[in-house]
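**Q** Have a look at the structure that comes next, please.
The values are calculated or read from the model by the stated rules, or taken from the named source; none is laboratory data. Only a predicted model underlies this, so the values are computations on that prediction, with no experimental measurement involved. Every residue, glycine as well, gets a Cβ built from its backbone with ideal geometry; the counts of neighbours run over all protein chains shown. Keep in mind that these areas ignore ligands, DNA and RNA; they rest on the heavy atoms of the full protein, side chains included. Shrake-Rupley method; radii C 1.70, N 1.55, O 1.52, S 1.80 Å.
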Amino acid sequence: MNPSDYVRRLRRLDACAVSDALDKLGLRGTATGLPQRSGKGRIAGQVITVKLGTGEPPPGPPKHLGCTAIEMAGPDHVIVVEQRTGIAAGCWGGLLTLGAKVRGVAGVIADGPLRDVDEAVAYEFPIFSRSLTALTARGRVVEKGTNVPVRIGEIAVDGGDYVLCDGSGAIFIAAADIERVLQAAETIVAKEAAMARAILGGTAIGQVMAGNYEHMLEN
């Protein structure tokens, strides 16, 4: 199955179902504390990473942080930014948001401070971030690499992984695990839908959840 097919299936799910699938399979990937700052609804896609840090940028022609990722991205991509320096400098800003929107990028997840949040809201572009700031990155942080390993919360993320993010959290899935995670999550969603139908049909909620819900991840 090609990446676009995986992304299409992932978009039908929610973060809690996919997090439960990771639990069922003994995998890690759930990051919390990244509220949605702009846009509406969940985002899902294949990951393009951006790692920011202090010091000197890598050798080569100067390029503003995030631009390489935007130029690589399209509608099936989510740009994932690590800015864990402790410096309250923007790791994403207004012009980057506009550039990503023009490219049709699915959204941005930033473990760091978002700048120009009002512009992002006006563009209706989905961004989830750890915090907000007015401080520019100029003279404070630099891009260390694109599609290099990053950490979001306690989760290691690589370029080419998959992510689903909504109001409950960001769920990262290694590319090698995507098929089995999707299958597990789809099964969980089907079981929960059956339980919801039972509740709507008049079955007592305690009866529905007593055994079915508590042991749902065991089968």
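**Q** State yes or no: is residue 120 in contact with a Lys or Arg (Cβ under 7 Å, 6 or more places away or on another chain) and either under 18 Å from residue 161 (Cβ atoms) or in a helix (DSSP H, G or I) (or both)?
**A** Working: in contact with a Lys or Arg (Cβ under 7 Å, 6 or more places away or on another chain): yes; either under 18 Å from residue 161 (Cβ atoms) or in a helix (DSSP H, G or I) (or both): yes.
Answer is yes for this residue.
**Q** Within the stretch 102-113, identify whether any single residue is touching a residue at least 60 places away in the same chain (Cβ under 8 Å), β-branched (Val, Ile, Thr) and more than 19 Å from residue 162 (Cβ to Cβ), and answer yes or no.
**A** No; the residues of the stretch 102-113 include none that is touching a residue at least 60 places away in the same chain (Cβ under 8 Å), β-branched (Val, Ile, Thr) and more than 19 Å from residue 162 (Cβ to Cβ).
Conditions tested, residue by residue: (1) modelled with pLDDT of 90 or more; (2) of a type in the set (Gly, Ala, Ser); (3) under 12 Å from the mean Cα position of the chain (by Cα); (4) open to solvent by 70 Å² or more (accessible area, probe 1.4 Å).
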| position | (1), (2), (3), (4) |
| --- | --- |
| 127 | yes, no, yes, no |
| 138 | yes, no, no, yes |
| 149 | yes, no, no, yes |
| 153 | yes, yes, yes, no |
| 203 | no, no, no, no |
| 214 | no, no, no, yes |
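**Q** Against the condition hydrophobic (A, V, I, L, M, F, W, C), open to solvent by 60 Å² or more (accessible area, probe 1.4 Å) and farther than 14 Å from residue 39 by Cα, how does residue 121 come out, does it pass?
**A** Working: hydrophobic (A, V, I, L, M, F, W, C): yes; open to solvent by 60 Å² or more (accessible area, probe 1.4 Å): yes; farther than 14 Å from residue 39 by Cα: no.
In short, no.
**Q** Could you give me the residue pairs with C-beta distances under 9 Å whose first residue belongs to the stretch 61-74 and is farther than 13 Å from residue 147 by Cβ and at pLDDT below 95, whose second residue is of a type in the set (S, T, N, Q) and loosely packed, with under 15 Cβ neighbours inside 10 Å wherever it lies, and which are 6+ apart or on separate chains?
**A** As it stands, the answer is none, since no pair meets every condition given.
**Q** May I ask you to list the residues in the stretch 23-65 that are among the β-branched types (Val, Ile, Thr) and touching a Leu at 6+ places or on another chain (Cβ under 8 Å)? Lay out the reasoning, then the answer.
**A** Initial filter on the stretch 23-65 (among the β-branched types (Val, Ile, Thr)): 30, 32, 43, 47-50, 54.
Result: 30, 43, 50.
So that you can scan it fast, the table gives a plain yes or no per residue for (1) within 14 Å of the chain's Cα centre (by Cα); (2) acidic (Asp, Glu):
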site	(1), (2)
77	yes, no
92	no, no
101	no, no
110	yes, no
116	no, yes
123	no, no
